[in-house]
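Notes follow the structure.
The values are calculated or read from the model by the stated rules, or taken from the named source; none is laboratory data. All values derive from a computational prediction rather than experimental measurement. No Cβ is skipped: glycine too gets one built from the backbone with ideal geometry, and neighbour counts run over all protein chains shown. Note: areas computed on protein heavy atoms with side chains; ligands, DNA, RNA excluded. Shrake-Rupley method; radii C 1.70, N 1.55, O 1.52, S 1.80 Å.
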Amino acid sequence: MADMRIFPGFPNGRLRFTPVPEVFFSELLPAIDSLAELKVILFCMWRLQQQEREPHCLGLGELRTDATLLRGLDSDESRALAALEEALARAVTRGVLLRLESAETGEAWYF
């Protein structure tokens, strides 16, 4: 059985918030049928919101090495990486994320 930690609740005081467009709940959420895809989309929304650089984007390399994201996908690193790749592909196909690949470096970037 997976490690089930009890969430202690949100702390008192000022919290930072990540905006989620209303259309996410009315149109996108009902269409998503993969828990990994949902986790990756929400993670990307959170990380992109935190960025100060322009344009806001996430490199595939940084997603592959983010311990928080990978831990949320699977406890086994190789399965987590496979789930990440599949979830990103699904999010791109669905039109939630845009994937661009650098012709110079081959690095993939998600917007």
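Kindly indicate whether any position in region 9-24 is among the acidic types (D, E), without any contact (Cβ under 8 Å) to a residue 12 or more places away in the chain and not in a helix (DSSP H, G or I). Spell out the reasoning first.
Going through region 9-24, the residues among the acidic types (D, E) turn out to be 22.
Next, only the ones that are without any contact (Cβ under 8 Å) to a residue 12 or more places away in the chain stay: 22.
From the residues that got through so far, the ones that are not in a helix (DSSP H, G or I) too are none.
No.
Does region 30-39 include one or more residues that are in a loop (DSSP other than H, G, I, E, B) and under 12 Å from the mean Cα position of the chain (by Cα)?
no
Out of all the residues in region 39-83, which are open to solvent by 40 Å² or more (accessible area, probe 1.4 Å), at pLDDT 95 or above and under 20 Å from F111 (Cβ atoms)?
Correct list: K39, L42, M45, W46, R47, E62, R64, T65.
Working only within region 24-38, note down all residues that are open to solvent by less than 80 Å² (accessible area, probe 1.4 Å) and either farther than 14 Å from A89 by Cα or not hydroxyl-bearing (S, T, Y) (or both).
Within region 24-38, the first condition is being open to solvent by less than 80 Å² (accessible area, probe 1.4 Å), and the residues that meet it are 24, 26, 28-29, 31-32, 34, 36-38.
Once the filter is applied, which keeps residues that are open to solvent by less than 80 Å² (accessible area, probe 1.4 Å) and either farther than 14 Å from A89 by Cα or not hydroxyl-bearing (S, T, Y) (or both), region 24-38 yields F24, S26, L28, L29, A31, I32, A36, E37, L38.
If we keep just the residues of region 87-109 that are part of a loop (DSSP other than H, G, I, E, B) and touching a residue at least 24 places away in the same chain (Cβ under 8 Å), which is surrounded by the fewest Cβ atoms within 10 Å (Cβ to Cβ)?
By that ranking, first place goes to E107.
List the number of the failed condition for R71; all other conditions in (1) over 23 Å from P19 (Cα atoms); (2) part of a helix (DSSP H, G or I); (3) in contact (Cβ under 8 Å) with a residue 60 or more places away in the chain hold.
(3)
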